[in-house]
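Contents: one structure, followed by commentary.
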Amino acid sequence: MSHTVRIWDLPTRLFHWALAACIVGLVVSAKLGGNAMVWHFRLGHAVLALLLFRLVWGLVGGHWSRFAVFWVSPARLLRYVRGQVLPQDTAGHNPLGALSVFALLGAVALQVGTGLFSDDEIAFAGPLTRFVSGDWVGLATWLHKDVGQFLVMGLVVLHLLAIAVYVGVKKHKGLVRAMVVGDKLLPVPVAPSRDDAASRVLALGVLALCGAVAWGVAALGG
């Protein structure tokens, strides 16, 4: 008997797809250059707001969106790799998937952070460049252009390949669908994520605050 369980709350799902769209837009605008860099900066600030939101939502969001739930200890990872799979390993992020999430969020955070201090020495500079020395600006620019973008793209490709393996080889058919509709069909019942009107209003308030912080950072550039 299968059990339908709400795993991913609406705020988490919207965050996921909004971040994916922003990353695509950031890559395209960076490659186009020129006037497209205006959108590159706007999308960068949008990603900053999204990352701040995810940080907060990882503490107060739905059960399976909380960092404490899918945090990967060495013991849990070893158990999973050995094939000792528990219900919580298939409900939300499994240990390998959780590592992928943390790595990708960290890489995106690094890319956004270095972008705030980067300067192309032509027409565009991050809003925080005037607060640090030229050496730090140069380091941030190098990390942003020559390291970070390839790290993020590599992790995105790895993420997509992992999904393809789980769906095509391991036959986890509901993996992508769950991030669209929120529910998963599970062999045993597990605790659902809260996803009611109150939690969505809370998420909207958190996002508004995070957006205000991102706007404030952008405004520091004058």
**Prompt:** In the set Leu151, Leu220, which member is of a type outside the set (Gly, Ala, Ser), at pLDDT below 95 and over 17 Å from Arg54 (Cβ atoms)?
**Reply:** Leu220
**Request:** State whether one or more residues within segment 179-194 are in a helix (DSSP H, G or I), under 20 Å from Leu14 (Cα atoms) and not β-branched (Val, Ile, Thr).
**Result:** yes
**Request:** Being touching a His at 6+ places or on another chain (Cβ under 6 Å) and crowded, with 21+ Cβ neighbours inside 10 Å is the filter here, so list the residues in segment 27-76 that pass it.
**Result:** Phe70
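Answer yes or no as to whether Phe70 is closer than 23 Å to Met153 by Cα and among the aromatic types (Phe, Trp, Tyr).
Criteria not met by Phe70.
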**Request:** Could you run through segment 100-128 and say how many residues are free of Cβ contacts under 8 Å to residues at least 24 places away in the same chain and among the β-branched types (Val, Ile, Thr)?
**Result:** 1
**Fill in**
The helices (runs of 4 or more DSSP H) lying entirely within segment 1-112 that contain at least 3 residues which are farther than 22 Å from Asp183 by Cβ are 10-32, 36-60, 74-81
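Condition check: within 30 Å of Gly221 (Cβ to Cβ), among the hydrophobic types (A, V, I, L, M, F, W, C), buried (at least 19 other Cβ atoms within 10 Å of the Cβ) and at pLDDT 95 or above. Does Trp17 satisfy that? Write out each step before concluding.
Values: within 30 Å of Gly221 (Cβ to Cβ): yes; among the hydrophobic types (A, V, I, L, M, F, W, C): yes; buried (at least 19 other Cβ atoms within 10 Å of the Cβ): no; at pLDDT 95 or above: yes.
No, not satisfied.
The values are calculated or read from the model by the stated rules, or taken from the named source; none is laboratory data. Only a predicted model underlies this, so the values are computations on that prediction, with no experimental measurement involved. Please note: Cβ atoms are built from the backbone with ideal geometry, for glycine as well, and neighbour counts cover all protein chains shown.
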